[in-house]
Amino acid sequence: MKFVIVSGGVVSGLGKGTVSASLALLLKSQGYKVAPVKIDMYLNVDAGTIRPQEHGEVFVTHDGIETDEDLGHYERFIHENLSRENYITTGQIYQEVIRKERAFDYNGEDVEAIPHVTDEIIRRIKLAGESHRADIVIVELGGTVGEYQNGIFFEATRIMKLKNPSDVIQLHVTYLPYLANIGELKSKPAQTSVHILNGMGIQPDIIVARSQKAVDTRRLERLALFCNVNPDCIFSAPDMPSVYAVPMLLTNSGKGLDDVVLKLLSLKSRKHTLLKNWQKLIYRIGAPKKKTIKIAIVGKYFVTGDYKLADSYVSVIEALKHASWETATDVRWSWIDSEEIEKGKASLTGFDGIIVPQGWGSRGTEGKIMAARHARENKIPYLGLCFGMQMAVIEFARNVLGLKGANTTEADSKTKYPVIHIMPNQAEYLAKRQYGGTIRLGAWPCVVKKGSLLAKAYKGRKLVFERHRHRYEFNNKYKKEFLKAGFVISGTSPDGKLVEAIEIKDHPFFVGTQFHPEYISRPLTPHPIFTAFLNSCLLKTQRSI
């Protein structure tokens, strides 16, 4: 196996994940089997217990591990399901080293950062490649160079290259800020990040220079000179209208990033085989849109200080984009804070569709329930995802069935009508405070009800597999009451015990899923539920004319 180590400098959020995903796509297009890996420097064992405002969206794989959102980017670019081997955290590494020490696997040695921790890091990186039978493993190191907490991972990659210099290359993503007051890109921060890398005993083989504008030849030459990197191995990566345009930006027959990587790894460049469809995608993204619709996304995790961030719901946004390109629609979404709805400070008037995505706890639930009611009563297309489905169930119970005070036991443990309640095994976990990795995770089968909106979206498929992340479920005790009142249970587990999807009769599109369809939506294959949702929104705009 060969290894590409991707690090970052100057600031976080540069787009290391997009660069890694783009390189993975380009190398796959050349016929190589690629395994992208994300390393998070946190002591958390996985991302499942981290607040979304702290870390962004938690992305769940098919095999049920809660990971960093970058794994979602990897899957969307290379169109493959990844697994727990593709995600590594400091917590996982130390947990395994301590387990081995307790099991006397080190035969009485002093257990130290070097070689024991670095050996475990290297073992995990290689395991990711072996589990996917990869030719090339792309390892994205989280955070930025120079941070105290990630030094041991940089050291592990230095050792990897020291032992196998022809099999490991270092790719550094850095940033050149544009100073508007002098009208110039400055290369000194990028030089400094490389010098810090040098101080750790690592010399980058490739630099990807991120910037607001394209980096000119003069500054590329200065980076080459002061960072001691071949000019042919430095790539300008300015901001692009879409992240999906980055692979085409970085490739150029014979001189692209993928060709340089292959040359440094002593592998042959081949003719691209997968980029024609990607080029068509880029054309669709940039093509003029004939129709425009407005979507309200009602959540509670995007407000941080004075800013609103998309990272907490990145898969939902990407799934919307995929469907918008499929339907040639200009989708304009607005963030609506559910707590602002509760206070009467936010309105849902004027939107063609409403999405209520995932969430936890009691905060902001009443605003989400109000959003579901607004969509139901005004015949506005509604898509509830996981928590959004549960909020729709509560709204229906209160305002159609007349079960006043109906709620989820997550928000009100003493509710008289627990139409959403905790799954029995989950109650046991919570009683023992076993929060991490214990919820219902990963891909589970769902039987689709014939004749439902869900069946229409899935084009008649009777059984689908969708990814989950939840502790609470629809309470079957109330099923008969719901069904009598025009409620439709359009998806269940194969044994019929778990409600996986709901709908409402006599509504253009009111669908809630206990699963997360956004996790498996990809730019070349949009998820059918999101496409069906947008098509319903388009019909609404036509009815309004």
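Looking at the chain, what % of its DSSP beta bridges pair antiparallel, to the nearest 5?
For the chain, the DSSP antiparallel bridge percentage is about 35.
Need the C-alpha centroid separation for segment 10-29 versus segment 142-181, integer Å.
14
Just report the Cα centroid separation between segment 79-109 and segment 393-440, whole Å.
35
So what is the calculated 222 nm ellipticity per residue for the chain, using -39500 (n - 2.57) for each DSSP H run with n of 4 or more, over all residues, to the nearest 500 deg cm²/dmol?
-10500 deg cm²/dmol
Mind listing the long-range amide H neighbours of residue 333? Cut-off is under 5 Å, sequence gap 5 or more, other chains count too, H placed in the peptide plane at 1.01 Å from N.
Placed amide hydrogens put 295 under 5 Å from residue 333.
Would you indicate which of (i) 72, 63, 45; (ii) 80, 46, 46; (iii) 94, 60, 34 is the value of Cα extents along the principal axes in Å derived from the coordinates of this structure?
(i)
Say the cut-off is 20 Å between C-alpha atoms; which of 300/505; 321/343; 2/126; 186/255; 368/432 go over it?
In this structure, 300/505; 321/343; 186/255; 368/432 exceed 20 Å between Cα atoms.
Restricting to Cα pairs below 8 Å that are 6+ residues apart, what does the relative contact order work out to for the chain? Please round to a whole percent.
15
When the Kirkwood radius is taken over all Cα pairs of segment 382-493, what Stokes-Einstein diffusion coefficient follows at 4 °C and 1.567 mPa s, in µm²/s?
My calculation gives 85 µm²/s for D.
Once you keep just the Cα pairs under 8 angstrom separated by 6 or more residues, what percentage relative contact order results for segment 95-197?
Rounded, it is 19 percent for segment 95-197.
Report, ordered by chain and residue number, the aspartates and glutamates lying within cross-link reach of residue 289, taken as a straight Cα distance under 16 Å and ignoring same-chain residues fewer than 8 apart.
326, 330
Tell me the net charge near residue 133. Cut-off is 15 Å between Cβ atoms, residue 133 excluded, with +1 for each Lys or Arg and -1 for each Asp or Glu.
0
Would you work out the relative contact order for segment 369-437, in percent, from Cα pairs under 8 angstrom that are 6 or more residues apart?
RCO, segment 369-437: 20 percent.
Bear in mind that the values in this text are calculations on the coordinates, not laboratory data. Quantities reported herein were computed from a predicted structural model and do not represent experimental measurements. Please note: Cβ atoms are built from the backbone with ideal geometry, for glycine as well, and neighbour counts cover all protein chains shown.
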